[in-house]
């Protein structure tokens, strides 16, 4: 039996623990096996053009006024230490630690006035469009990746439609890759780093890590050869074999292995590691490249947790360390997508759960500020090279054009070819509208 184990603690919202197994031929995913789900999708004709999304979550709440909405004319205790720099779009300035993005501002849409955050240190609103409390009262709102997986299915049978690259973190709600909610465990993400390692096990087969071990392909080949000799594969129906292919796919393994890339391209992304930043995520530059490789291989949604941005003290020192990494990784991703002709099909969004206080505190930090938030969008055929929304003098609240989380989600769904006013079933089969606010942002489409 082939098994993928999740992390050792925590439960999904349908009550199944993360230690529960995903089994080929077993009833393990919300009452349906993977072969059964593949069969149902085939009957329904679930296949379409390969639109996709890469979501970069900045855990902790990044400081909007030190990244994309600088206030150089504000008092020192508000404007901070960073200076704005001009970009290749007249009138659009960015932080001085975003020099690469400044040269690519024509590829960006900067949202400066996102409202509706609840001050929760959790990824859930950035993954679903709903605050945690509302999501729970409605039975667990599915994340965008789960909706996409349910409605569109896999592009390639060897690659999961939804992949979450965030590893375990000290603050668990930041490590959320996107829960399937009332759509059931089958629509959750494939999470290769969620427990720190991935284990693919069969009788006599143990693999410590999915990525970074040269023997991986050989062991998977050995497993397949053994099943061929035993006749196990011959006894499977086509959907069971398809499920096995997903779990043992060299295509998936290769997509996760960034060492296969040209070293010159990898150098443009920068080489990072998987060491977490305090109780947040790692600043792994490799994950930007991995996300592109996964999308190219067939993934529809890839989520990344990048760094830790909860800067109650030493805000500017920590930003000096992290902003250049974000600048480098995101710029390389946008260039790479364009070079491969993928920029109109892949939507990229970068954001965190809320913004930071206009007033710098005595420890040199900025505290939680749900009254205003920001985001960076790119690709997806969107109208880029613009800023949407203006804040007041200190960046406290929108001066014009407040933007809700659900407006952003409606726009993402629009880019993915999904009607945000459509329906998906809850656990009882009752239709649930994907979003309450169903109109995408007219400025972007």
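The values are calculated or read from the model by the stated rules, or taken from the named source; none is laboratory data. Note that the structure is a prediction, hence the values are computed from the model and not measured. So basically every Cβ, Gly included, is an ideal-geometry build from the backbone, and we count neighbours across all protein chains shown.
Observations
- Only residues that are surrounded by fewer than 19 Cβ atoms within 10 Å (Cβ to Cβ) and in contact with a helix residue (DSSP H, G or I) (Cβ under 9 Å, 6 or more places away or on another chain) were counted across segment 72-86, and they come to 7.
- Residue within segment 40-47 that is modelled with pLDDT under 50, in a loop (DSSP other than H, G, I, E, B) and in contact with a helix residue (DSSP H, G or I) (Cβ under 9 Å, 6 or more places away or on another chain) present: yes
- All positions within segment 103-115 that are closer than 23 Å to residue 394 by Cβ and crowded, with 20+ Cβ neighbours inside 10 Å: 110, 111, 112, 113, 114
- For the residues 134, 85, the requirement of being more than 28 Å from residue 338 (Cα to Cα) and free of Cβ contacts under 8 Å to residues at least 24 places away in the same chain singles out 134.
- Any hit, segment 65-79, residues being without any contact (Cβ under 8 Å) to a residue 40 or more places away in the chain, in contact with a strand residue (DSSP E or B) (Cβ under 9 Å, 6 or more places away or on another chain) and either under 28 Å from residue 367 (Cα atoms) or in a loop (DSSP other than H, G, I, E, B) (or both): yes
- Residues considered: 444, 382, 416, 377. Of these, the only one that is in contact with a strand residue (DSSP E or B) (Cβ under 7 Å, 6 or more places away or on another chain), farther than 19 Å from residue 94 by Cβ and surrounded by 15 or more Cβ atoms within 10 Å (Cβ to Cβ) is 416.
- Taken over segment 382-413, the criterion of being more than 21 Å from residue 106 (Cβ to Cβ) and assigned to a helix (DSSP H, G or I) is satisfied by 405, 406, 407, 409, 410, 413.
- Candidates 129, 119 - the one that is at pLDDT below 95 and under 21 Å from residue 436 (Cβ atoms): 119
- Scanning segment 164-180 for residues that are surrounded by fewer than 23 Cβ atoms within 10 Å (Cβ to Cβ) and in a loop (DSSP other than H, G, I, E, B) yields 168, 169, 170, 171.
- Whether a residue is under 29 Å from residue 151 (Cα atoms) and part of a helix (DSSP H, G or I) was assessed, and residue 353 does not pass this test.
- Residues that are in contact with a helix residue (DSSP H, G or I) (Cβ under 8 Å, 6 or more places away or on another chain), part of a helix (DSSP H, G or I) and surrounded by fewer than 20 Cβ atoms within 10 Å (Cβ to Cβ) occur in segment 87-102; there is at least one.
Each row is one residue, and each column tells you yes or no for (1) over 22 Å from residue 301 (Cβ atoms); (2) touching a strand residue (DSSP E or B) at 6+ places or on another chain (Cβ under 9 Å); (3) surrounded by fewer than 23 Cβ atoms within 10 Å (Cβ to Cβ).
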site	(1), (2), (3)
252	no, yes, no
259	yes, no, yes
265	yes, no, yes
270	yes, no, yes
275	yes, yes, yes
281	no, yes, no
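- Qualifying residue in segment 288-302 (condition: part of a loop (DSSP other than H, G, I, E, B), modelled with pLDDT under 95 and touching a strand residue (DSSP E or B) at 6+ places or on another chain (Cβ under 6 Å)): no
- Residue ID - modelled with the highest pLDDT, chosen from residues in segment 144-163 that are surrounded by 24 or more Cβ atoms within 10 Å (Cβ to Cβ) and over 22 Å from residue 432 (Cβ atoms): 163
- Where a residue in segment 257-270 is more than 20 Å from residue 325 (Cα to Cα) and its partner, wherever it lies, is modelled with pLDDT under 95 and part of a helix (DSSP H, G or I), with Cβ under 8 Å and at least six apart: 260/254
- Note on segment 426-437: residues that are assigned to a strand (DSSP E or B) and either surrounded by 15 or more Cβ atoms within 10 Å (Cβ to Cβ) or in contact (Cβ under 8 Å) with a residue 12 or more places away in the chain (or both) amount to 2.
- Top-ranked residue of segment 357-381 - restricted to ones that are in contact with a helix residue (DSSP H, G or I) (Cβ under 7 Å, 6 or more places away or on another chain) and part of a loop (DSSP other than H, G, I, E, B), ranked as nearest to residue 50 (Cα to Cα): 380
- Within segment 108-159, helices (runs of 4 or more DSSP H) holding 3 or more residues that are more than 22 Å from residue 443 (Cα to Cα) and touching a strand residue (DSSP E or B) at 6+ places or on another chain (Cβ under 9 Å): 144-152
- Test: residue in segment 363-372 that is in contact (Cβ under 8 Å) with a residue 40 or more places away in the chain, surrounded by fewer than 22 Cβ atoms within 10 Å (Cβ to Cβ) and on the phi > 0 side of the Ramachandran plot: yes
- Verdict on residue 329 being touching a residue at least 24 places away in the same chain (Cβ under 8 Å), farther than 26 Å from residue 157 by Cα, part of a loop (DSSP other than H, G, I, E, B) and within 20 Å of the chain's Cα centre (by Cα): no
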